[in-house]
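The values are calculated or read from the model by the stated rules, or taken from the named source; none is laboratory data. For clarity, every value in this text was computed on a predicted model and none was experimentally measured. Using ideal geometry, Cβ is built from the backbone for each residue, glycine included, and neighbour counts are taken over all protein chains shown. The protein model used for the area step is the full one, side chains on, heavy atoms only, and it has no ligands, DNA or RNA in it. Shrake-Rupley method; radii C 1.70, N 1.55, O 1.52, S 1.80 Å.
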Amino acid sequence: MGIPKLVIGNKNYSSWSLRAWLILAKLDIKFEEIQIPLFSEGYQEKLFRYSPTGKVPVYIEDELTIWDSLAIAEYLAERYPTLLPSDFKQRALARSVSAEMHSSFFSLRSKMPMNCRAKDRHVESTEELTNDIQRIQAIWTTCRNQNRKAGSWLFGDFTIVDAMFAPVVFRFNTYGVECDSIATEYMKTVLNDSDIKRWYEASKNEPEIIEQVEVGLN
Ligand SMILES: N[C@@H](CCC(=O)N[C@@H](CS)C(=O)NCC(=O)O)C(=O)O
């Protein structure tokens, strides 16, 4: 097998890219990172060279191309089973909340776009946004309460679920979302993680600014 490739967008802005990247980083396997800054001149043409959807992330392993973050996560979890809990009931919960993250929280996504390096941003709250934030904290509480003794990630050890929620942690941090104690503790685990710190440092050094997602400035 050749070295796998991961096509990603801007580290500062591309939340779906972060999910796939974090899983590969945690596996500690060699992979080639191909970065295409989103909304730069000709970026769509470049994306379509790798992906039939013209979106990132894309994972390429020899002849195999996998697009969509959840499909990449599930594929890697098949290859490396420690990426999901070993207990089948916990695995079902892990898959439920990963799928929920992938298919929901539209208010959070549109009102609080991921902007890793931004600080002290404030956006106006709405009922939908509050509901999204509360639901996410309820998920984290359920997972942490069941797995507290096993470790500090949602299911004890790191799993694909933590990758799915990592961009939310950056969002809560950027927009100063007030969290309960369990969520605050979990956010510390994520923000203090060495791979997350590497991603964050790289995001700070990116020159591109995507105006339409620079929200929450006073
Ligand atoms: N459901 C897809 C979403 C992928 C997606 O929307 N990626 C964004 C970046 S975070 C993208 O490629 N945007 C470029 C564009 O829409 O032109 C996944 O989970 O991978």
Where labels lie 7 Å past Cα in the beta-carbon direction, separation of residue 142 and residue 122 in nm: 3.3 nm
By accessible area with a 1.4 Å probe, ligands and nucleic acids excluded, highest first: order of 95, 49, 171: 49, 95, 171
Reciprocal of mean inverse Cα separation for segment 5-80 (Kirkwood radius, Å): 12.4 Å
Listed residues 104, 86 arranged by accessible area, highest first, probe 1.4 Å: 86, 104
Sites residue 212 and residue 82 - FRET efficiency at Förster radius 45 Å, r taken between beta-carbons, to 0.05: 0.75
Cleavage-rule hits (GluC sites (Glu not before Pro)) in segment 90-185: DSSP loop, at most 11 neighbouring Cβ within 10 angstrom: 124, 178
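What are the trypsin sites (Lys or Arg not before Pro) within segment 1-31 that DSSP puts in a loop, where the Cβ has at most 11 other Cβ atoms within 10 Å?
Passing sites in segment 1-31 are 30.
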Where GluC sites (Glu not before Pro) fall in DSSP loop in segment 1-77, at most 15 other Cβ within 10 Å: 41, 63
Cα-projected label distance for residue 92 with residue 35, points at 7 Å along beta-carbon direction, nm: 4.2 nm
Accessible-area ranking of 78, 206, largest first, probe 1.4 Å: 78, 206
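What is the magnitude of the charge dipole of the chain about its Cα centre, with +1 placed on the Cβ of each Lys and Arg, -1 on the Cβ of each Asp and Glu, and no other charges, expressed in debye to the nearest 20?
440 debye
What pairs from 30/89; 30/188; 5/149; 111/197; 26/119 go past 30 Å between their alpha carbons? Walk me through the intermediate numbers first.
Working: 30/89 32 Å; 30/188 27 Å; 5/149 35 Å; 111/197 24 Å; 26/119 26 Å.
From 30/89; 30/188; 5/149; 111/197; 26/119, over 30 Å: 30/89; 5/149.
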Label-point separation in nm, residue 188 to residue 104, each point 7 Å along Cα→Cβ: 2.7 nm
Positive-end extreme of charge dipole, segment 90-163 - chosen from 118, 163, 152 (charges on Cβ): 152
Surface/4 of the Cα convex hull for the chain, nm²: 11.9 nm²
Rounded to the nearest 20 debye, dipole of segment 82-202 from Cβ charges on Lys, Arg, Asp, Glu: 240 debye
